[in-house]
Structure formats: structure tokens, C-alpha cells
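A short write-up of the structure that comes next.
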Amino acid sequence: MKCPICQHPDSKVVDSRESQDGDAIRRRRECLECGKRFTTYERLDAAMPMLVKKDGSREPWDRGKILSGLFKACEKRPVPADEIEAVANAIEKQVQDLGSREVLSSVVGEAIVAKLRDLDDVAYVRFASVYKSFRDVDEFMAELQTLVKERTGKGGK
């Protein structure tokens, strides 16, 4: 494994643990050149379905895009990186469990929205505002009012 700091090609494994959901192995590594430590995750390379976008085009599944969207939504929020990774894992598992060779991007988007709604209100609103493409401020305000009603009805968050 190449060191992300100095690019040296050799490192040693210092610690290995199974992730909470058991879908990955987390390894702490130490670079044999600079001595810096970094974390890698080892996952089964399962065949993921093609993603069918709104315009009908297809593209290969890209976990990086899911994580990027989640990290942007959770930026400057008190959401640990481990929880964001867990959401990405859950989305991937949900898509794999569909057992389909293709999945609509809307299915993935709705799954992300649902997970973020439970994770963090602000992250949910950020993601939903881009994903749902509100036509105007009134639609956006209606979504916020729905969220507030749900939170106050459930005891708040």
C-alpha cells in the first residue's frame, strides 16, 4: 500500500479490525519510510449495478460519489466520519440487496435522503435542497416546515 504522505510503496500493518457491520476490515498502517500512520479499508469487490441517471444515461456505480455527496452535506456538522462511512455502506448494501443489474439514480438519492434525515437535520436539508431541485423558495420552505413538524411531533432532535 502506497503511503499517502510520502508515496513510499511499502508499509506495515499495525492493527486490523473488522468494521462494525462486518462488511470491511479496517487496517492501521505505518509507512516504512516516513513513519506516518494511515488507515485503509478492505472490502469485498462485489459487482454493483449500473446507475441509470435522470436523462437515461448509464454509468458505473461510484462509491466515491456517494461519499463525496455525504461529506459535502455533513461539512462543518458534528457527524463523525465513521457514521458517514456507515451510511455509504448501508446505501451500497441496500442497492446490492435489490439484486438488479441496473438501479435508478432516484432510488439511490431517496435512500441517501432517508439516511441523512435520521443522521442530521442540516445535512439532510443541504442534500435535499440539491437533490430535490426545488423550483422556488416556497417548495423549500414547505420541506423545512414538514421537517420541523416531524421533529416537534417526535420530541425533537
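Just so it is clear, none of the values below were taken in a lab; they were calculated from the coordinates. In this text, all values refer to a predicted model and were calculated from it rather than measured experimentally. FYI the Cβ positions are ideal-geometry reconstructions off the backbone, even for glycines, and counts take in every protein chain you see.
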How many lysine pairs does region 1-100 hold where the Cα atoms are under 25 Å apart and the two sit 8 or more places apart or on different chains? 13
Amide H neighbours of Ala24 at under 5 Å, excluding residues fewer than 5 places away on the same chain, with H built from the backbone geometry, are Ser19
Karplus ³J(HN,Hα) for region 49-63 (6.51 cos²θ - 1.76 cosθ + 1.60, θ = phi - 60°; Hz, whole; x = Gly/Pro) runs x, 6, 9, 9, 7, 4, 7, x, 6, 10, 8, x, 4, 9, 4
Starting from the coordinates of the alpha-carbon atoms of region 43-125, obtain the Kirkwood hydrodynamic radius over all distinct pairs and give the value in Å to one decimal. 13.2 Å
What is the angle, in °, between the Cα long axis of helix 81-97 and the longest principal axis of the Cα atoms in the chain? Nearest 10 is fine, range 0 to 90. 80 degrees
If you build a Gaussian network model of the chain, linking Cα atoms that sit under 10 Å apart, which residue out of Asp121, Asp97, Asp55 swings the most? Asp55
So what is Rg over Rh here for region 1-44, counting just Cα atoms and using Kirkwood for Rh? 1.03
Tell me, Leu147, Leu32, Leu51 in order of fewest to most beta-carbon neighbours within 10 Å? Leu32, Leu147, Leu51
Taking amide H positions as placed in the peptide plane 1.01 Å from N, state which residues far from Leu104 in sequence (5 or more) or on other chains have amide H under 5 Å from it. Val52
Region 6-157, Cα convex hull volume normalised per residue, Å³: 160 Å³
